[in-house]
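Worksheet for the structure shown next.
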């Protein structure tokens, strides 16, 4: 974004918050449903000082990270396998494409039956939701490698290991990171859904209970925290992605 | 200019299993002496590119042998043979300099050695000052110059060129043709140059090998007796026309548009 565009966006956002604040103070919106931003901000400061809330955030972060660290190598590995072994690809790609399109939330009760309401259940469901994005991403990454670059490298005497390192890896890097980023979005959603649906701890569990008790300032404050964390993770991955993908002609 | 640097002996190439597939080349016998610029022309699909990929060691002939410097070619020999393709096929994430140095990197030549070598090759192909550009920041002609520099960086005895100028516009093609002749006269490589363009073949080469329609056989081997250096005015001359006409007589019957 150019500088004046940034200014416009910042001004518009501020205006929106000011409008909301005004409407809430004037009683034109129901403060029990939409508390004023100043009230939410105060709740945010209070929550940030409560150890049990921080512990809940830690639980959620742990579940999200564990699911991501399991799903990413597994999913991309399966994707490479399906792309590189034609027989496996022909056999399993229709199934992957089918499951890719099915909303994963309908399987949540099954995960509770198998794992109970537990942290492993959250991680397992996170992995299950994320892995299809990564399988499909892994396949796309392999297919994005230009075959003529492999021919060139072979003509210049590259070994298989060199072709993997010098051609496959850099050619696939942008799509791999893009898939990881997309997978992370699905992953966070899945873990929070699990926690809201049924849990003993985690920020999703807190959000659900504040919601049930109509503690709207806390609820909105938690939303701000979750949104900030999710955006931070997303932008960090995007920064790496655009650095490694700078050679792509979108400049 | 005497010893055969590249020797192709009784080479046939079939594609598909158990010889049931398509025959691409049939009984090719060809010797290219050291330092010669040889062009290969022929109707579309006659196996010109297949012939080059055999010399490049990218595939093995169904029958016959291909020798480079007396040694049978069973795998790519990048130190002896440099290959340049129709598209520049540069690695898009590497700078021009790193692309030229890439064959040396594959051979684990140290950076301190390979980058200066690549710099010299870029200077030879007229690209000094463009070392740090990424491929998408270069024009088509510049990309092909980088590819030529990459082909030359290991100082191979043989340069294989598979329609290297086919995807460039006419002016760029003419400029690069002259550049190639300059580089060739400075380095005295043995060049095997596949092209669709009879003009290009006669203008550049010492000798034009004419292949028949598939399966490709050698139907003529034309010595181009035009003096060097070649000039643009020669291409309007009588001798040039006569040579082109002789080659065209072989090809026109085979091309069915």
Notebook entry, point to check: If only one of B:202, B:175, B:191 is in contact with a helix residue (DSSP H, G or I) (Cβ under 9 Å, 6 or more places away or on another chain) and not in a helix (DSSP H, G or I), which one is it?
Noted result: B:191
Check: Does residue A:60 meet the test of being at pLDDT 95 or above and closer than 20 Å to residue A:206 by Cα?
Finding: yes
Notebook entry, point to check: How many residues does the range B:132-143 hold that are assigned to a helix (DSSP H, G or I) and within 13 Å of chain A (Cβ to nearest Cβ)?
Noted result: 4
Notebook entry, point to check: Which of the residues belonging to the range A:208-251 are in a helix (DSSP H, G or I), in contact (Cβ under 8 Å) with a residue 24 or more places away in the chain, within 14 Å of chain B (Cβ to nearest Cβ) and over 17 Å from the mean Cα position of the chain (by Cα)?
Noted result: A:244
Margin query: For the range A:171-188: of the residues being touching a residue at least 40 places away in the same chain (Cβ under 8 Å) and within 10 Å of another protein chain (Cβ to nearest Cβ), which is surrounded by the most Cβ atoms within 10 Å (Cβ to Cβ)?
Written below: A:174
Check: Got at least one residue in the range A:142-165 being part of a helix (DSSP H, G or I), within 14 Å of chain B (Cβ to nearest Cβ), crowded, with 17+ Cβ neighbours inside 10 Å and within 21 Å of the chain's Cα centre (by Cα)?
Finding: no
Note to self: From the list B:61, B:72, B:43, B:78, exactly one residue is over 21 Å from residue B:205 (Cβ atoms), more than 14 Å from chain A (Cβ to nearest Cβ), surrounded by 16 or more Cβ atoms within 10 Å (Cβ to Cβ) and modelled with pLDDT under 95. Which is it?
What the structure shows: B:61
Checklist line | Any chance residue B:91 is in a strand (DSSP E or B) and crowded, with 20+ Cβ neighbours inside 10 Å | finding: no
Checklist line | Single unsatisfied condition, residue B:28 versus (1) over 21 Å from residue B:216 (Cβ atoms); (2) in contact with a strand residue (DSSP E or B) (Cβ under 7 Å, 6 or more places away or on another chain); (3) crowded, with 21+ Cβ neighbours inside 10 Å | finding: (1)
Check: Do any residues in the range B:102-114 that are facing chain A (nearest Cβ under 9 Å) have Cβ atoms under 6 Å from those of residues that are buried (at least 19 other Cβ atoms within 10 Å of the Cβ) and assigned to a loop (DSSP other than H, G, I, E, B), where the two are at least six apart or on different chains, and which pairs are they?
Finding: B:103/A:156; B:103/B:78; B:103/B:153; B:103/B:154; B:106/A:156; B:106/A:158
Check: Is it the case that some residue within the range B:224-245 is touching a strand residue (DSSP E or B) at 6+ places or on another chain (Cβ under 9 Å), within 21 Å of residue B:27 (Cα to Cα) and in contact (Cβ under 8 Å) with a residue 40 or more places away in the chain?
Finding: no
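The values are calculated or read from the model by the stated rules, or taken from the named source; none is laboratory data. Worth saying up front: this structure is predicted, and the values here are computed from it rather than measured. Glycine also receives a Cβ, built like all others from the backbone with ideal geometry; neighbour counts cover every protein chain displayed.
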